[in-house]
Amino acid sequence: MDTTSNSTATAMAGRFRGFLPVIVDVETGGFDAERDALLEIAVVSIRMEPSGLLVPEPAVSANVEPFPGANIDPRSLEVTGIDPDHPFRGALPERQALDHVFNAVRDAVKAAECQRAVLVGHNAAFDLAFLNAAVRRVAHKRNPFHPFSCFDTATLGGLAYGQTVLSKAVIAAGLSFDTREAHSAVYDAERTAELFCEIVNRWRRLELAEADRVTSVAV
């Protein structure tokens, strides 16, 4: 049995009170979660190293077919560059797309010995609203995400680096950001995951430094 793996899983569960942070990014046909199409969804789970630092796992994603009657604002497509009718997009119906990413999230939650996933997003309320709307439309009964709790890297980025725009917060954190790749669900989820981990790890490093200081003073 891999006791190191087991101990880090237990530590992850304890770090966030039994919740596993999972980064989510969606690309959509507009801003109205009830009326506008969900077009892409990507999720990135995280794991804890023996040092207590967090690292992102590979992204799991799906292109999504617009639900019947969905609204798609052409201005949104200009930003994302998505062609919903492209024959090679490989889009899945909403139910299948949710099943695809939810299966990966449930596996990650189990491996981390957590009880549920909590959504991490940049302006997380937007992603959570579209996720919850899709869950309601298909009457999904096995949504692994908490229905309203979330972590917002726009807020955390403002706290840690004084930046609330994703690209600026990522760069302020010492990470790279390619604006040509932005507004892809996978790319944005990966950069958001790196940002979230860096912010949490920054706090962890401060904890370790403070523990070393206290130890040195005591000696």
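Each reported figure results from applying straightforward, stated rules to the coordinates on display, with no laboratory input. All figures in this text were calculated on a predicted structure; none of them were measured in a lab. When we count neighbours, we look across all protein chains shown, and the Cβ atoms used for this are built from the backbone with ideal geometry, even at glycine.
Suppose the Debye formula is applied to equal point scatterers at every Cα of the stretch 101-143; what is log10 I(q)/I(0) at q = 0.19, 0.33 Å⁻¹? Taking Cα atoms of the stretch 101-143 as identical point scatterers yields -0.66, -1.11.
Quick check on packing: order 82-91, 161-170, 43-52 by the mean number of other C-beta atoms within 10 Å, highest mean leading. Please list the in-between numbers first.
Values: 82-91: 12.3, 161-170: 17.5, 43-52: 19.0.
Order by mean packing, descending: 43-52, 161-170, 82-91.
Overall size of the stretch 112-219 from C-alpha positions, given as principal axis extents largest first: 61, 37, 20 Å.
Modelled label positions at A129 and F88, each set 7 Å beyond Cα in the direction of Cβ, lie 3.5 nm from each other. Each listed q (0.26, 0.28 Å⁻¹) maps to a log10 I(q)/I(0) for the stretch 121-181 from the Debye sum over equal C-alpha point scatterers, namely -0.98, -1.07. With q set to 0.15, 0.26 Å⁻¹, the log10 of I(q)/I(0) for the stretch 1-76, from the Debye formula over equal scatterers at the Cα positions, is -0.65, -1.13.
Scaled to the globular estimate 2.2 N^0.38 Å, the Cα spread of the stretch 163-219, given as radius of gyration, is 1.55.
Kirkwood radius and radius of gyration were both taken over the C-alpha atoms of the chain, and their ratio Rg/Rh is 1.01.
Principal axis extents of the C-alpha atoms in the stretch 1-129 (largest first, rounded to whole Å): 51, 27, 21. For the stretch 196-206, backbone phi angles converted through the Karplus equation (6.51, -1.76, 1.60; θ = phi - 60°) give residue-by-residue couplings of 4, 4, 5, 5, 5, 5, 4, 5, 4, 5, 5 Hz, Gly and Pro being listed as x.
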